[in-house]
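Working notes, beginning with the structure itself.
Only the coordinates and a few stated rules stand behind these numbers; no lab work does. Computed from a predicted model, the values in this text were never measured in an experiment. Every residue, glycine among them, receives a Cβ derived from its backbone with ideal geometry; neighbour counts consider all protein chains shown.
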Amino acid sequence: AQITFTDHDGGERTVEAREGQTVMEVAIANDVPGIEAECGGGCSCATCHVYVDEAWSEVVGGPTPMEEDMLDFAFDVRPSSRLSCQIKITSALDGLKVTTPQRQG
Ligand code: FES
């Protein structure tokens, strides 16, 4: 599956993702800027915050209650906000677009 990350300046990079990886793992593996992921994917740091592209919001779905609590600690949270370590790649997410926030935390 391919995932496109856009940074807050509009810089775009499209990277290859394997099913079963999380969006956060894909970002870290490809040195995508703007994702820190301090807790390593445990849904306990909120530094892997991304905005899901509008066209993908339904396929990706909303945050779990635990994730929502963690998002309270993220910077500039919007309705499209998710923690990227909580989004698992499936074939349905091929072409997914997410944007990274101006800063984490
Ligand atoms: Fe820490 Fe996602 S990596 S909440």
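Does Cys43 count as in contact with a strand residue (DSSP E or B) (Cβ under 9 Å, 6 or more places away or on another chain) and of a type outside the set (Gly, Ala, Ser)? So Cys43 fits the description; yes.
Counting only residues that are within 11 Å of the ligand (Cβ to nearest atom), surrounded by fewer than 16 Cβ atoms within 10 Å (Cβ to Cβ) and part of a loop (DSSP other than H, G, I, E, B), the range 44-72 holds 1 of them.
To keep it simple, each residue is scored yes or no on (1) near the ligand (Cβ under 9 Å from one of its atoms); (2) in contact with a Cys (Cβ under 8 Å, 6 or more places away or on another chain); (3) in a helix (DSSP H, G or I).
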| residue | (1), (2), (3) |
| --- | --- |
| Arg13 | no, no, no |
| Gly20 | no, no, no |
| Ala27 | no, yes, yes |
| Glu36 | yes, yes, no |
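Scoring Gly41 on the criteria (1) assigned to a helix (DSSP H, G or I); (2) under 17 Å from Gln104 (Cα atoms); (3) not charged (D, E, K, R) leaves a single failure, condition (1). Restricting attention to the range 1-43 and to residues that are among the hydroxyl-bearing types (Ser, Thr, Tyr) and touching a residue at least 24 places away in the same chain (Cβ under 8 Å), the residue that is surrounded by the fewest Cβ atoms within 10 Å (Cβ to Cβ) turns out to be Thr4.
Within the range 73-99, the set of residues being within 10 Å of the ligand (Cβ to nearest atom) and part of a strand (DSSP E or B) comprises Arg82, Leu83.
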